[in-house]
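The values are calculated or read from the model by the stated rules, or taken from the named source; none is laboratory data. What you are looking at is a predicted structure, and each value in this text was computed from that prediction instead of being measured. Positions of Cβ are backbone-derived with ideal geometry, glycine not excepted, and every protein chain shown enters the neighbour counts.
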Amino acid sequence: MNRHAVRAMYFHELRRMRRTLTQSLIAPVVTTTLYFIVFGAIVGARVPTVAGVSYGAFIVPGLLMMALMSQSLSHGSFSIFFPRFTGTVYELLSAPVSPYEILLGFVGAAATKAVLVGGVILLTARCFVPLQILHPVWMLVFSLLAVLAFGLVGFLIGLWADSFEKLQMAPQLVLTPLTFLGGSFYALEMLPPAWQQLALFNPLVYLISGLRWSFYGQGDVHLWTSLAVALGCVAAATATVAWTFHTGYKLKA
């Protein structure tokens, strides 16, 4: 493995986060704080508990997963879109670096940045509600699987998009609806039976349910089912990215 190249790409992306600290770190924290104020205080006053947990604490795993997914996807997409936009990607492709080393540098940096933001949001949540993490190891497992899966999906979006408008369109049209329909702010049992069955086709349900189980020992879906779906998402995204490198999709003129 070309460790020097991987390290160079990895730290180059991390330095970009430092230059855009307001957008990368402060904005997600402010957004999460507003969610706590609106949902935790106003809605929580009318819905005191969900599944035996106070509503303010119940939405913490959902908010954390939302931040992890959106941050890893946006950083993963921009990390490859910008080199394509400026044309420097061809210098990278001609260098003695394998596709998997490129992924390790770019997606690894996107995952790291998302985890850092998630950690700050978790600390922010402690200012509003008392948190109890029953299974911290499982919390790390589902968090890492989420940032890896969506970092890879973001990489694919960065390859597909040929303009900044398209780069923003996919998260807004796909990720946001799936997140709100994935049980971030409610338990699936609160939905009508037909909607409960339909929600099971949403992969975000399993990621949010697994993360919520790591906090409170209960989720909408069985733990092992959530883990299997999360691993399947990572495998499918990895296979798709490998196909793009093999075919040269949007990489080779």
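Miscellaneous remarks
- In segment 83-106, the residues that are closer than 13 Å to LEU251 by Cα and in contact with a Gly (Cβ under 8 Å, 6 or more places away or on another chain): ARG84
- Pairs where the first residue, in segment 4-19, is in contact (Cβ under 8 Å) with a residue 40 or more places away in the chain and the second is among the aliphatic types (A, V, I, L, M) and in a helix (DSSP H, G or I), C-beta under 6 Å, 6+ apart: VAL6/LEU104; TYR10/ALA109; GLU13/ALA109; LEU14/ALA109
- Odd one out for PRO192 among (1) surrounded by fewer than 19 Cβ atoms within 10 Å (Cβ to Cβ); (2) touching a residue at least 60 places away in the same chain (Cβ under 8 Å): (2)
- Yes/no for ALA161 being at pLDDT 90 or above and within 20 Å of the chain's Cα centre (by Cα): no
- Test: VAL147 is among the aliphatic types (A, V, I, L, M), buried (at least 20 other Cβ atoms within 10 Å of the Cβ) and without any contact (Cβ under 8 Å) to a residue 40 or more places away in the chain: no
- Counting the residues of segment 116-144 that are aliphatic (A, V, I, L, M), within 15 Å of the chain's Cα centre (by Cα) and surrounded by 18 or more Cβ atoms within 10 Å (Cβ to Cβ) gives 4.
- Per this entry, VAL205 is not counted among residues that are β-branched (Val, Ile, Thr), buried (at least 19 other Cβ atoms within 10 Å of the Cβ) and under 30 Å from LEU93 (Cα atoms).
- Scanning segment 65-82 finds no residues that are assigned to a loop (DSSP other than H, G, I, E, B), of a type in the set (A, V, I, L, M, F, W, C) and farther than 24 Å from GLY210 by Cβ.
- Cβ-Cβ distances below 7 Å connect no pair with a first residue in segment 171-185 that is under 17 Å from LEU152 (Cα atoms) and polar (S, T, N, Q), a second residue that is part of a helix (DSSP H, G or I) and at pLDDT 80 or above, and a separation of six or more residues or different chains.
Conditions tested, residue by residue: (1) surrounded by fewer than 21 Cβ atoms within 10 Å (Cβ to Cβ); (2) over 25 Å from GLY217 (Cα atoms).
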site	(1), (2)
LEU14	yes, yes
PRO48	yes, no
VAL60	no, no
SER79	no, yes
GLY87	yes, yes
GLU91	yes, yes
ALA95	yes, yes
GLY105	no, yes
ALA111	no, yes
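- Residues that are touching a Cys at 6+ places or on another chain (Cβ under 9 Å) and at pLDDT below 85, drawn from segment 167-220: none
- Number of the condition not met by LEU122 [criteria: (1) modelled with pLDDT under 85; (2) farther than 22 Å from ILE157 by Cβ]: (1)
- Every residue from segment 206-245 that is free of Cβ contacts under 8 Å to residues at least 40 places away in the same chain, assigned to a helix (DSSP H, G or I) and of a type outside the set (Ser, Thr, Tyr): TRP224, ALA228, VAL229, GLY232, ALA235, ALA236, ALA239, TRP243
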